[in-house]
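S.K.: Could you have a look at this structure, given as structure tokens, before my questions?
The values are calculated or read from the model by the stated rules, or taken from the named source; none is laboratory data. If you're wondering where the values come from, they're calculated on a predicted model, not measured in any experiment. For the accessible areas, the whole protein counts, side chains as well, though only heavy atoms, and no ligand, DNA or RNA atoms are used. Shrake-Rupley method; radii C 1.70, N 1.55, O 1.52, S 1.80 Å.
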Amino acid sequence: MNQEATSKETIIQVCHQIAATQGLETLTMRRVAEQCGIAPGTLYNYYSNKDDLLIATVESIWKEIFHGDEGRETVESFPAYVNRLFDRAKNGAVKYPHFITAHSAAFAKSKEGQAKSTMEQYFDHMKAGMLAALQADPQVNETAFSPSFPQSAFIDFVLDNILLLLIRKNESCTILIDMIHRVIYL
């Protein structure tokens, strides 16, 4: 058995290892307890059920993927921001294969509304970052958006396409970036 887990952080590290090597869908309380070197009952002192453990794991993986450079001071264009977001997600998908699709499926099966809420919270966080980058980009054509084509709908479209490109395992988002240029700068 591995070293005994003495904190939630240690348990989540084990969950990261399982998600990276065996897939998020294989995460069970018994497997995590075994790899932590503790009795399954002990794990319930930290997480009341599998859904709580899954939510904490997914939240932690999202943080690892998207918050690595939170303190960035550089102002970048909206397309550069989107490209960086795509690259971070693509790198996360390499480390955690099938993470995006697996966690969506796992949350869909979840009995807890908190699971879906957590996933939506991360997508909302990504959208807020993209909206801030779009609004901070001084080169955006002021007539690019209208009441029938608001910035928020554009952000939803861009995020949906980032996720689709990731699911399709595209190596780049060049076409999306080109489309963004045509919409916001021309």
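S.K.: Give the carbon-plus-sulfur fraction of the accessible surface of region 115-186 in %, rounded to a whole number; probe 1.4 Å, heavy atoms of protein chains only.
M.R.: Answer for region 115-186 is 56 percent, counting heavy atoms of protein chains only.
S.K.: What ³J(HN,Hα) values, in whole Hz, does the Karplus curve 6.51 cos²θ - 1.76 cosθ + 1.60 give for region 165-182 when θ = phi - 60°, with x put for Gly and Pro?
M.R.: Karplus-based 3J(HN,Hα) across region 165-182 equals 4, 5, 4, 7, 6, 5, 7, 9, 10, 4, 5, 4, 5, 4, 4, 4, 3, 5 Hz.
S.K.: Measuring with a 1.4 Å probe in the full set of protein chains, what accessible area per residue, in whole Å², belongs to region 1-63? Intermediate results must be reported in sequence, preceding the final value.
M.R.: On the way: 3130 Å² over 63 residues.
Dividing the accessible area of region 1-63 by its residue count gives 50 Å².
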